[in-house]
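Worksheet for the structure shown next.
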Amino acid sequence: MEPIKVLTANMDKPNSMSIDSYLESGGYEALKASLKMKPEEVVEVVKSSDMRGRGGAGFPTGMKWSFVPKNATKPIYLLCNADESEPGTFKDRLIMEKDPHLLIEGMVISGYAIKSSPMSYIYIRGEFFYAATVLEKALQEARDKGFLGKNILGSGFDFDITVHRGAGAYICGEETGLIESLEGHRGQPRVKPPFPAVVGVFGGPTVVNNVETLACVPLIISKGADWFKSLGIPKNTGPKLYCVSGQVKKPGVYEFPMGVNLKELIYQHCGGMLDGRKLKAVIPGGASAPMLLPDEIDIPLTFDALMKAGSMLGSAGIIVIDDSACIVDSVWRLAKFFAHESCGQCTPCREGTNWMESLLDRMERGGGRQEDADLLLDMADNIGGKSLCALGDAAIGPVISSVKKFRDEYVYHVTHKSCLPGTRRYRRLDAPVGAH
Amino acid sequence: MADLRPENPYVEERKADPSRKVVFPPDAQKRFDELLPRYPTKEAVLLPALHLAQEVWGWISPEVMVYVAKLLDLAPATVFGVVSFYNMYNQKPVGKYHVQVCTNLSCMLANAYDIHDHLCEKLGIDPGQTTPDGRFTVVEVECLGSCGTAPVVQINNDYHEQMSVQKMDQLLPRLK
């Protein structure tokens, strides 16, 4: 499969973030077309494109929009989830830094479709300071040209966007955590139901969409739902940005029709493994996704195919691990991440993630016990499905899959109190313990 | 109850000192006033207001928490709850250059820990500490969303991508 340039079409231009460059390539035409349609018709077009949300869960976008009550008495809100913090994912940042107007146009169209109140927000992670600056500038350009603000292009539709910076919390990428955070609270997820589409931010019905999802909307409107469906395979449609990182020759963001083969992506497009190294494991969908072995990667990267293979596409953050890495060390690093990012609300996740980290650390330090691999599975069993949001389930993904697929290596660690020969630990155990 | 966390910045200074007055300078006050109409509730302004306060004072001191709480009609405890939840609000002063080394998986596999440990050794500080001259604070952080150009080091607001120990050594003298 050959790479395509649809979402990334404008990004090679020298001044791709400016409105002039965007208008030159036909920007904001989709908005003009949408404003001539009824909001319900826009929803129908997006629905018939079969687009699934690009944030991780893969929920059909049009269906999400249609859950907003028809006769809502409170203002409806559109939120853009730009909290991109899933380890291995860096596609949304690319869109925001290189083509911010694509996102803005997508938001205005989506806001029109769901009959949003004039206030909407891009919740961007606090670390993306540069992207936030680019967005602020682009928003002002759009306001100056009448694409944002009161009575957009004479349609009577009022809509504006505020960039809201987060402050460093992975959990705010979870939609109800994001809503809590936007309201000025700690980003602790809410009990569902009620779902955000019914009661979300500031008590109003709320639609939360990922950056890449919203960026696809203008393309669907201007090129049509059938064109969108012609990319990819049924039920897994449209262009998709794949983020490849880890130990390959050419890491980066690659755009393909949904469903490029993972093996082909790694070996042909990313140049294969670093010299003299062999593939050991692939995490196909961000840190939360269970690992795949080298013999499992001949698979199309779609939501459905990966789910069938026992993993998930998630945010399409592909992390490639080669045979020089110690698997216990790698999994420890992910466990440390989840332990740090657990919001502390639900006991199984708060305590369990820390236990898993401690246990893996103990194993790394030569204090592992024979029963530890099974103990990890037991802990995972006591975390999964037992907390309000998906963080607990995410945390056990890499742990369970690695224990099942690399049990020999775990056993070796316990028996020999060291990493498997030929593999290495990437941190020094004698380094001072971080205050972080 | 004894506080078991040695790094807790509030062990000595748990309460705000009313004699230390904090007030936004006029330009910050103007930016704060512009934030208010963008949100339907005052409380929602808390995160942006804290970002603004950190820009002004470099960290969120107990006095700043009380001040921001008053501005937004919140309890200081609510503000403390939020400040302590989020990573980016500094609960103690940091150096002029806040060096944040991402060590999450993709960066770790690109030797991010070598950069982190090298920095600490070269500057003679433990992780999380600030050099005596107040120039550098080195911390290990979670994924910064720049895995394709790993390893990444964030210094204040700027990303430095595809870093290495050598590149770090070249960069340090330029951070005066």
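The values are calculated or read from the model by the stated rules, or taken from the named source; none is laboratory data. Note that the coordinates shown come from a computational prediction; the quantities given were computed from them, not determined experimentally. Please note: Cβ atoms are built from the backbone with ideal geometry, for glycine as well, and neighbour counts cover all protein chains shown.
Worth a mention:
- Just one of the listed residues (B:90, B:104) is among the polar types (S, T, N, Q), surrounded by fewer than 22 Cβ atoms within 10 Å (Cβ to Cβ), closer than 23 Å to residue A:173 by Cα and not assigned by TED's automatic domain parsing to the domain that holds residue B:56, and it is B:90.
- Evaluated against (1) surrounded by 17 or more Cβ atoms within 10 Å (Cβ to Cβ); (2) within 26 Å of residue A:167 (Cα to Cα), residue B:126 falls short on exactly one condition, (1).
- Of all the residues in region A:348-366, those that are touching a residue at least 24 places away in the same chain (Cβ under 8 Å) and of a type outside the set (Asp, Glu) number 10.
- Highlighted here are the helices (runs of 4 or more DSSP H) found entirely within region A:324-436 that include at least 3 residues which are away from every other protein chain (no Cβ under 14 Å) and either of a type outside the set (S, T, N, Q) or closer than 21 Å to residue B:106 by Cα (or both): A:347-364, A:372-383, A:391-405, A:407-416.
- Of all residues in region B:118-150, those that are touching a Lys or Arg at 6+ places or on another chain (Cβ under 6 Å) and farther than 23 Å from residue B:176 by Cβ total 1.
- Filter pass, residue A:217 being within 14 Å of chain B (Cβ to nearest Cβ) and β-branched (Val, Ile, Thr): no
- Failed item in (1) at negative phi; (2) surrounded by fewer than 22 Cβ atoms within 10 Å (Cβ to Cβ), with residue A:310 passing the rest: (1)
- Out of A:177, A:184, one residue alone is part of a loop (DSSP other than H, G, I, E, B) and modelled with pLDDT of 95 or more. It is A:184.
- One residue alone among B:64, B:56, B:82 is under 15 Å from the mean Cα position of the chain (by Cα) and touching a residue at least 40 places away in the same chain (Cβ under 8 Å), and that residue is B:64.
- Restricting attention to region B:79-109, the residues that are at the interface with chain A (Cβ under 7 Å from one of its Cβ atoms) and among the hydrophobic types (A, V, I, L, M, F, W, C) total 6.
- Selection status of residue B:45, within 17 Å of the chain's Cα centre (by Cα) and either at pLDDT 95 or above or surrounded by 21 or more Cβ atoms within 10 Å (Cβ to Cβ) (or both): no
- When the residues of region A:183-208 are filtered to those that are surrounded by 24 or more Cβ atoms within 10 Å (Cβ to Cβ) and in contact with a strand residue (DSSP E or B) (Cβ under 6 Å, 6 or more places away or on another chain), the one that is nearest to the other protein chains (Cβ to nearest Cβ) is A:201.
- Top-ranked residue in region A:91-117 [being in contact (Cβ under 8 Å) with a residue 40 or more places away in the chain and within 11 Å of chain B (Cβ to nearest Cβ); ranked as surrounded by the most Cβ atoms within 10 Å (Cβ to Cβ)]: A:92
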